[in-house]
């Protein structure tokens, strides 16, 4: 922070003459920190994508110096070009778009009542209604938008309080695809503002309801892949490798396999294809199952109480969970087929499950909800 304070003082001296623009210290510090998060090799690339600084200034920028000095030079250029919090927020969106997998994304789904499907989306109208809805409830809020080529609208929201300025270091990011009912939300630890955000989305999109789905991941692209049905699954069109070709492949790999082993491997392979498809799996890190049931016990023994519910949580985690599950049976670590609770994740578009016992049922069959 000492270096930052020195930079601030030097900027004041350079801009101290009458009528000069003095950039807000909050804006200057936020831009400085954003630049420091970038690698040295990508600073110029991101600043170019930002489009705020002239090309001549970017070409003159020494990107090979230590990052602290580089960040100070960028801040000085931003002050010369009269940067505001709006410009700083747009740079932050660009950084978070590039590193979108660093955030945890939760999916929300919006629905309309019957008869309201014929809605024409207008981006300018969407922005106007969204900002008006939020700002009518909370005055101290910074809202920024950026559109990308895949029809994705990125929204950055920095929340303030009734008397406090917006906290730029804990923003909420929203990604909305106008041709779908899905919203991807990555929020700070303050979740009390989520209802206000959901209400603003409904107003801006003319949907009637919005619900949080049990689908979360750090890989935003994989969430889109699952929801937009681009992943290869058994209910979609995918081409299984012909059995004869598969047999020839297996024989080339290991001609010493006896007939029984080969038949079993073919069965496992075929079952795996039916469950996961032939393509690469979307990237999810966690699958969580919450169990809520009661024990079945003989009353005279008095050991277990069958009136109080028994609850537990089972969590599977991996850097690439679906690929890990797909590999279990072929490598002999699990029987094929796997449990539907593990293979239905993409079909049900969820990776958080609640397993409850059916009311009035005397069996121990536990359906997933």
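Please tell me if residue 186 is crowded, with 18+ Cβ neighbours inside 10 Å and in contact with a strand residue (DSSP E or B) (Cβ under 7 Å, 6 or more places away or on another chain).
Yes, satisfied.
Name the single residue, out of those in the range 199-232 being within 21 Å of residue 323 (Cβ to Cβ) and touching a helix residue (DSSP H, G or I) at 6+ places or on another chain (Cβ under 7 Å), that is modelled with the lowest pLDDT. Result: 231. For the range 103-120, the condition holds for no residue, the condition being that it is farther than 19 Å from residue 26 by Cβ, without any contact (Cβ under 8 Å) to a residue 60 or more places away in the chain and touching a helix residue (DSSP H, G or I) at 6+ places or on another chain (Cβ under 7 Å).
Going residue by residue through the range 243-258, is there one that turns out to be more than 18 Å from residue 225 (Cα to Cα) and either modelled with pLDDT of 75 or more or under 23 Å from the mean Cα position of the chain (by Cα) (or both)? Taking every residue of the range 243-258 in turn, none turns out to be more than 18 Å from residue 225 (Cα to Cα) and either modelled with pLDDT of 75 or more or under 23 Å from the mean Cα position of the chain (by Cα) (or both). Going by the conditions given, is residue 10 under 30 Å from residue 283 (Cα atoms), at pLDDT below 95, over 25 Å from the mean Cα position of the chain (by Cα) and in a helix (DSSP H, G or I)? Criteria not met by residue 10.
Taking the conditions exactly as written (part of a loop (DSSP other than H, G, I, E, B), surrounded by 13 or more Cβ atoms within 10 Å (Cβ to Cβ) and more than 18 Å from the chain's Cα centre (by Cα)), does residue 168 satisfy them or not? Answer is yes for this residue.
Quick grid of which residues meet (1) in contact (Cβ under 8 Å) with a residue 12 or more places away in the chain; (2) under 25 Å from the mean Cα position of the chain (by Cα); (3) not assigned by TED's automatic domain parsing to the domain that holds residue 145:
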residue	(1), (2), (3)
36	yes, yes, yes
61	yes, no, yes
65	no, no, yes
69	no, no, yes
81	yes, no, yes
84	yes, no, yes
87	yes, yes, yes
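Can you give me the number of residues within the range 136-158 that are in a loop (DSSP other than H, G, I, E, B), in contact with a helix residue (DSSP H, G or I) (Cβ under 9 Å, 6 or more places away or on another chain) and either at positive phi or touching a residue at least 40 places away in the same chain (Cβ under 8 Å) (or both)?
So the answer is 2.
Among the conditions (1) out of contact with any helix residue (DSSP H, G or I) (no Cβ under 9 Å at 6 or more places or on another chain); (2) farther than 29 Å from residue 348 by Cβ; (3) outside the structural domain of residue 22 (by TED's automatic domain parsing), the only one that residue 129 does not satisfy is (1).
The values are calculated or read from the model by the stated rules, or taken from the named source; none is laboratory data. Since the structure is predicted, the reported quantities are computational estimates derived from the model, not experimental observations. Cβ coordinates were reconstructed from backbone atoms using ideal geometry, including for glycine residues, and neighbour counts include every protein chain displayed.
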